[in-house]
Structures are given as structure tokens and as C-alpha cells.
1. If you place +1 on the Cβ of every Lys and Arg, -1 on the Cβ of every Asp and Glu, and leave all else neutral, what size is the dipole of region 55-97 about its Cα centre, to the nearest 20 Debye?
2. Under unit Cβ charges (Lys, Arg +1; Asp, Glu -1), what dipole magnitude, rounded to 20 debye, does region 3-135 have relative to its Cα centre?
3. Amide H neighbours of ARG42 under 5 Å, at least 5 residues apart or on other chains, H built in the peptide plane: list them.
4. Express in nm, to one decimal, how much length is gained between ASP40 and HIS81 on full extension, taking 0.36 nm for each residue of separation and deducting their alpha carbon distance.
5. Nearest-5 percent of antiparallel DSSP beta bridges in region 1-138?
6. Just check region 3-135 against the gyration tensor rule for me: Cα atoms, a ≥ b ≥ c as the square roots of the eigenvalues, rounded for a/c under 1.5, and otherwise prolate or oblate depending on whether a/b exceeds b/c.
7. Using a 7 Å offset from the Cα along the Cα-to-Cβ direction at both VAL10 and ASP28, what is the distance between the two label points in nm, to one decimal?
8. So if R0 is 35 Å, what FRET efficiency would GLU65 and ARG91 give, r being the distance between their Cβ atoms, rounded to the nearest 0.05?
Amino acid sequence: MSVGKICTRVTHTATPDETVRTVAARMDQRGVGTLVVLGDGRRPIGIVTDRDIAVRCVAAGLDPEKVRVSEIMSAPLSSIHEDMAIDAALRRMAGVHVRRCPVVDDAGMLVGILAVDDVLDLLAEEMSSVGTLVGGPSPRGPFPEREGDRSWAR
């Protein structure tokens, strides 16, 4: 299965010249902790997270009204193509130690974001299907001749 089939297609974005306060307010309004920072067109150039704001701005004693996103965002950015297999995408994300990664099309334009949580949701759904299969009735039925005789289970 490809990344494009499970990634979140609704992405929230920022520009590098916005203030930290502006993007923090946007995160609050939208209920998200990550914004993809876009350069020319819809090409992702960085990511800013609520943790970036807390650690790189607030904890550092910087003024969120004056500091620009470009000063605290995580960059350079590693993105993944929407046609990439999920396991390959996870290896890439693990290699750069990120839990969220922008998803791009052939032109390098933002089309979504893949989070580790998206993959966990897929796995949970798959395991639920397996659980239903395993927990269902046996097509062969019970073995009455073996009732009480557990020698076959050894």
C-alpha cells in the first residue's frame, strides 16, 4: 500500500515569514500541533511543531511576536512521495527521527502529511480484521471425539 492512500490530505500550513505567535494561534484554532512550512508554491521547506515553539522560542526567551517561523522551524526537510510504499516511508522517517513527514507529488508539491499515528491506525484496523477472522467459528466445527481428551494438544 502506498503512503498516498493513508496520509492525511488536509494539511495546515505556514509561511517562513510569519511570526511564531501567528502560527501558534493557528495551531490552537485548528487543533493541530504541526504546520508544514511552504516555500514557493506548495513546496514544503520545513515543519514547525508546538514543541519547536516551546523549546526554540519560549524556553530560549525569544519574543514570539518578533521571531519568524524560519528561525525555529525544523529544516532541511525530508519529504516522501505519495507513491512510496508505507514500509519504505517508515524506514525513511526512522532514519531522520521524525514522527510526521510531508507527502509530495511528482512536482514536489504538498499533497498531505503522514504521521506514525496514521500507520498505527491502519495496523489496528488490519489487526481487528484478523481478530474477527481468528475469533469466528471454525468451519470444521468442534471435535466431539476429542472432548475431554487433551492428548492431541501436546
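1. Once rounded to the nearest 20, the dipole reads 160 debye.
2. Value, rounded to 20: 260 debye.
3. Result for ARG42 returns LEU110.
4. Full-extension gain reported as 13.0 nm.
5. 80
6. prolate
7. 2.1
8. It comes out at approximately 0.30.
Every read-out reported here was derived from the displayed coordinates using simple, explicitly stated rules and does not represent laboratory data. These numbers were taken from a predicted model, which means no experiment stands behind them. When we count neighbours, we look across all protein chains shown, and the Cβ atoms used for this are built from the backbone with ideal geometry, even at glycine.
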